[in-house]
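Asks: Okay, handing you the structure first.
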Amino acid sequence: MTVSLRQYNKIYNKYLLQFLKDGKIPTFNQVVVAAGDELPNVDTPFKPVYKYIPQLKKAVFDITNYNKAVDSIALDLTILFEELATIQITNTKRIINADLFHAVHSNELNRLNKRLDALLFALSGADDNFFAQAENFDDLSHTDTSKSTPGVVDLNESALALPTSLKGSLKISLTHLANTNNASITTSRNDVISRGNVAGTKYGNAFLDTSKPWGILYESNNGGPLSISFTFKLAREEFINRITLVHHGTKPQKAIIETSVDNVNIQEITEYGDGVILSDQSHEVVLDFEDRLVEFVHITLIKEDSDSFTEGPDGTSVHSYVFGLKNISIFTTGRERKATYVSKPFDFSGDVPHIGRAAISATESLPPGTRIDWSVALVDDNGDPIGSFASITPQSRKDESGAPNQAVFQGTLNHSEYFVTDPTVPTAVVTFQNITFYRIFTLTTEPIFGTAFLYRGYKSWLRDQSKSVNPILIKDNFISFSKGDIQELYQTSTEVKQATAVDQQSTRAVLLVDNTPIYDINKGHTLIPENGVNPEIDTKPIYAVYSAKLNTTADTITKPNVTFSSSATPAGQNPVDLGLVNIVYNGPEDIVIRRTDTSEEVIYIDGTDYIVELNDEGKPTGRILALEGSELLGYDDPNNPGTTIYPVVEIQYRVDVDVTRFVAQITGAQIFFDLDISAQPTDRIIIKYRHPAKDVIKPSIKVKDKFGQNVQTKIFTQGVDYIFDSKTAQIQRLSTGGIDPGSDVFVDFKVNDTSEQLDQFFIWAHVNQKDGVQISVERDPSVEFFDQNKLKPDPDRKEQLLASIPGVGLIDLTNAVEWPEISGWVQFVVRSIPPEELLSTSQEPLIHQVIKLKDQGGDFIFLQGGKYFSELTAIREPMQQVGFQYLKTNVRKNDDRFFAVRRVVAGGETSYEVVVNFLPNESSKLYSFSPMGPESSGGAVDGIFPVDEEWKIVWISREETDRTSAKIVVKAELTRSEDTVGKNITPKVFDYFVKIGY
């Protein structure tokens, strides 16, 4: 920046700040006029701001000019020093860059020189020493199905993808559109004429799973690009994450799909913003994307030119365009988080005597949160690997941070070690960016990078404490902008809470609720509904508390041995205080006063003998007043003149459980009542109140000008008429939009609900026996015919024991005594109340019951190395090896999927430390308990014992001998991380080719 420009900015900003202090936002010209001659011309040579002004002799000291001169000098010095500092920093950077230039470029030249051979190898057929074979997944002929995850090859799409999970996929029904003959279609040009549907087709065919297509013909005298657009409506709002299309027509067409919840705010599918090409009538084009709420689907079909044209008798050309679809299907799907693809051997024996190195190029799709890990291995004539798989990165990828992009084959040795981490064993090796890294094991040989895999979770259960999300629709939220343009969307909650006395006098009670109620008197809110207002049907609620009721029934209470008297003798009172302010009184039948000191039945009359005292709102105060002239206040004894008889009575009344009217104040999440809670039959209150809406699904918001919805309802547009802040649940009216100031609106929206749910515990069990095992569970002798096991799941919370058994599927074993035959790997799932919830109760969570479950012979079932299972592990997927520097700088603190092997030289000896970024035995994702264990391990909880974390590490090291082969197999591991948005997101491979050299 030049001195002149720096000076200009300083002076301009000074006068701009003066405007802003006055609360004004000036134009550029206003600031320039205010600055006047002080603003320099940036095109002229620099001149100081300071100008000498002489002080006249014997004149009064001019303090104004003096201060102005000092300020000008200070400004000039500031500008000069800033410019000098900038020059110095710039020159320093240039010197440093000059010093680095030679070193950097020399290093780059050396690196390029070393990679020259690899770059040549990346070019298929660069010379006669390189050979390649390809796979495009049109069939399974090149897939080893015995080693690949079932369904990993999607033949419909001709691609590798994560297969559909056990939950399967839900196809959204579009049958309501099946009988539609024609669609409402718009075209991109005005010179085309619609000739209607192609003969034998109709619009509704596209929504049926039949071979009948839909096609529509357009004609024009001109060729060139043409697009048509149409919209269809689902039967109701649905969460979707997959759309499939099948082409119909003779020439390709591009499809662009957009979605909406209100047919006003249209959203593109970001992953396919440029559209997809439809060209093959036998091929399904699949669009997988993040979960989204949809009610309307907008499709645009584009053709770059006409399908055909003919010349008419008059010499004009007629261009014909045929658009169409064979099928449109919409799904909500879920996919597995991990899948493995293994190829059959690629045989290069006709090209080379042996394979010396290999590389891969692949056409991949890697959405955020997904990855594909490739590896290759040489195999013998039987297809068995020689050594282990070597990790490799496709040369088609730009990212070079992972495994090398070619594998060099030489002799290797396989290693495997089990070890247990005692809490005292892990040693912190370094702390970096507030993350402590721990050494958990030491290897004897150096692993080939990418060949080491660390397995954890043996003898433990994987604990999933996440809650599934259930969208809940909230309709007609009343929002009034009369008290401001910013209001809050709200939802109501009903809770049962214990009230406590505020002070020793117990005249007030307080209730602490889970959420902060919406209550702001500046926005016109009230504490409770007005008299006569039913909050269950009120369309315009503005109150914080809808209702508050004692958690008890309105039982009749009898107050015995009561004497009314206006005198001190005998001991009596008038009025009589029942001790409760909340009593039911709607008429004379609600209070009964009966005499009890005579055998004669005497019931006193309301309004004649007594009255129930009411407050200004017409509600009972809890006091009963005997009226003058009533015998309740005493009468002369006819048998004993001069003696007054005071009747002894009992008073029967009912408690009014509705205590809403006693709500007096709200402070934060505390609700205060003018109520003596100690006098009530219970201190538990059922309270319904409104609070800011939580976890609002933003695309679901629908702002309307009327309650409900009909053809006259106006729907406002988000971003145009209003905006919504998801963090605060605040909705703001935009002054430039269509919502009038001070008007009322009604809002429909959905929230993600995570109500009280269970934890899920997973464990993989391996059966070594070739013929499998049959497990008979210990029976419950208290059940008739002994047809149930000893598990006692909570029926209200729906605890379950499930198993995913190959060849059988997901089955419920909660009550089963005889389990199906199992072999190989089996996953068990326990849906259990979190154990922490039951610590102070006698109830036992189902997970504890399952861990110590026995068979009919009295042997524990879930015991590693026991009668049935050779291995029990929470996690089958290994942790991935990365460099130690990468682990330190690139892996997040809570990401426990990676580890590093750190080379350490001490005392002339070299060791290889296994390092992780978390402390073992402290992970909340593992639930490490066993049915057997030493008492020293901390003692049994519910009869089960805590166990230390057990690990297994496998790795490959180099050996001097060389093993050769001319056959190679390819493996791809497809994964999706747990925090990926959308359960249908998947990485994909559309084709790859393997290249080899020797």
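The values are calculated or read from the model by the stated rules, or taken from the named source; none is laboratory data. These numbers were taken from a predicted model, which means no experiment stands behind them. Note that we place each Cβ from the backbone using ideal geometry, even for glycine, and neighbour counts take in every protein chain shown. When the accessible area is computed, the model is the full protein with side chains, heavy atoms only, and any ligands, DNA or RNA have been set aside. Shrake-Rupley method; radii C 1.70, N 1.55, O 1.52, S 1.80 Å.
Asks: Report which label in (1) -1.07, -1.19, -1.33; (2) -0.88, -1.32, -1.50; (3) -1.18, -1.37, -1.42 holds the value of log10 I(q)/I(0) by the Debye sum over Cα atoms at q = 0.08, 0.10, 0.11 Å⁻¹ derived from the coordinates of this structure.
Replies: Label (3) holds the value from this structure.
Asks: Using θ = phi - 60° and the Karplus relation 6.51 cos²θ - 1.76 cosθ + 1.60, list the HN-Hα couplings for the range 202-212 in order, rounded to whole Hz, with x at every Gly or Pro.
Replies: These are the phi-based 3J(HN,Hα) values: 8, 4, x, 4, 5, 9, 10, 8, 10, 8, 7 Hz.
Asks: Right, another one. Helix 3-21 versus the longest principal axis of the chain: what is the Cα-based angle in degrees, 0 to 90, to the nearest 10?
Replies: 20
Asks: Would you mind working out the magnitude of the charge dipole of the range 313-444 relative to its Cα centre, with +1 at each Lys and Arg C-beta and -1 at each Asp and Glu C-beta, to the nearest 20 Debye?
Replies: Using only the charged Cβ atoms, the result is roughly 460 debye.
Asks: Name the residues whose placed amide hydrogens come within less than 5 Å of the amide hydrogen of LYS790, ignoring near sequence neighbours (fewer than 5 apart) on the same chain.
Replies: Residues meeting the criterion, in which the H sits 1.01 Å from N, are ASP780.
Asks: Another question, if that's okay. What are the residues whose amide H is under 5 Å from the amide H of VAL429, where those residues sit 5 or more places off or on another chain and H is modelled from the backbone?
Replies: Hits under the 5 Å cutoff: PHE437, TYR438, ARG439.
Asks: Hey, another quick one. Please name which of PRO535, SER320, SER165 has its Cα lying farthest along the dipole of the chain towards the positive end, using unit charges on Cβ (Lys, Arg +1; Asp, Glu -1) and the Cα centre as origin.
Replies: SER320
Asks: Now for a different question. To the nearest 20 debye, what charge dipole does the chain have about its Cα centre, counting +1 at the Cβ of each Lys and Arg and -1 at the Cβ of each Asp and Glu?
Replies: About 3380 debye.
Asks: Oh, and also: Using Cα atoms only, what is the angle between the long axis of helix 63-121 and the major principal axis of the chain, expressed in degrees (0 to 90) to the nearest 10?
Replies: Computed tilt is about 50 degrees.
Asks: Same structure, new question: So which of LYS549/LYS706; LYS14/LYS47; LYS475/LYS704; LYS770/LYS852; LYS254/LYS398; LYS233/LYS750 end up more than 21 Å apart, counting from Cα to Cα?
Replies: As for pairs spanning more than 21 Å Cα to Cα, those are LYS549/LYS706; LYS770/LYS852; LYS254/LYS398.
Asks: Return the sequence-ordered ³J(HN,Hα) values of the range 775-781 in whole Hz as given by the Karplus equation 6.51 cos²θ - 1.76 cosθ + 1.60 applied to θ = phi - 60°, using x for Gly and Pro.
Replies: Couplings: 10, 10, 7, 4, 7, 8, x Hz.
Asks: Separate question: Can you find, among GLY719, ILE861, THR553, the residue farthest towards the positive end of the dipole of the chain? Put +1 on the C-beta of Lys and Arg, -1 on that of Asp and Glu.
Replies: The listed residue farthest towards the positive side: GLY719.
Asks: Give the carbon-plus-sulfur fraction of the accessible surface of the range 557-650 in %, rounded to a whole number; probe 1.4 Å, heavy atoms of protein chains only.
Replies: Carbon with sulfur: 47 percent of the solvent-accessible area.
Asks: Moving to a separate point now. Give me the dipole magnitude in Debye, nearest 20, for the range 1-86 about the Cα centre, with unit charges on the beta carbon: positive for Lys and Arg, negative for Asp and Glu.
Replies: About 260 debye.
Asks: Can you list the residues, at least 5 places off or on another chain, whose amide H is less than 5 Å from the amide H of LEU675, using H built in the peptide plane?
Replies: ARG508, ALA509
Asks: GluC sites (Glu not before Pro) within the range 474-531: which are DSSP loop residues with at most 13 other Cβ atoms inside 10 Å?
Replies: Counting only loop positions with at most 13 other Cβ atoms within 10 Å, the GluC sites (Glu not before Pro) in the range 474-531 are GLU530.
Asks: Determine the per residue accessible area of the range 164-335 with all protein chains present and a 1.4 angstrom probe, expressed in square angstrom.
Replies: Value returned for the range 164-335: 46 Å² of accessible area per residue.
Asks: Still on this model: Per residue of the range 736-744, in order, report the coupling 6.51 cos²θ - 1.76 cosθ + 1.60 (Karplus, θ = phi - 60°) as ³J(HN,Hα) in whole Hz, putting x for Gly and Pro.
Replies: Rounded to whole hertz, the list is 8, x, x, 8, 5, x, x, 7, 9.
Asks: Whenever you get a sec, line up ARG195, ARG397 from highest to lowest accessible area (probe 1.4 Å, protein heavy atoms).
Replies: Listed by decreasing accessible area, they come as ARG195, ARG397.
Asks: Considering only DSSP states other than H, G, I, E and B, which GluC sites (Glu not before Pro) in the range 621-720 qualify as loop sites with at most 13 other Cβ atoms within 10 Å?
Replies: Counting only loop positions with at most 13 other Cβ atoms within 10 Å, the GluC sites (Glu not before Pro) in the range 621-720 are GLU628.
Asks: Divide by every residue of the chain the summed helix terms, -39500 (n - 2.57) for each DSSP H run of at least 4, and state the resulting mean residue ellipticity at 222 nm, rounded to the nearest 500 deg cm²/dmol.
Replies: Roughly -3500 deg cm²/dmol at 222 nm, from the helical runs in the chain.
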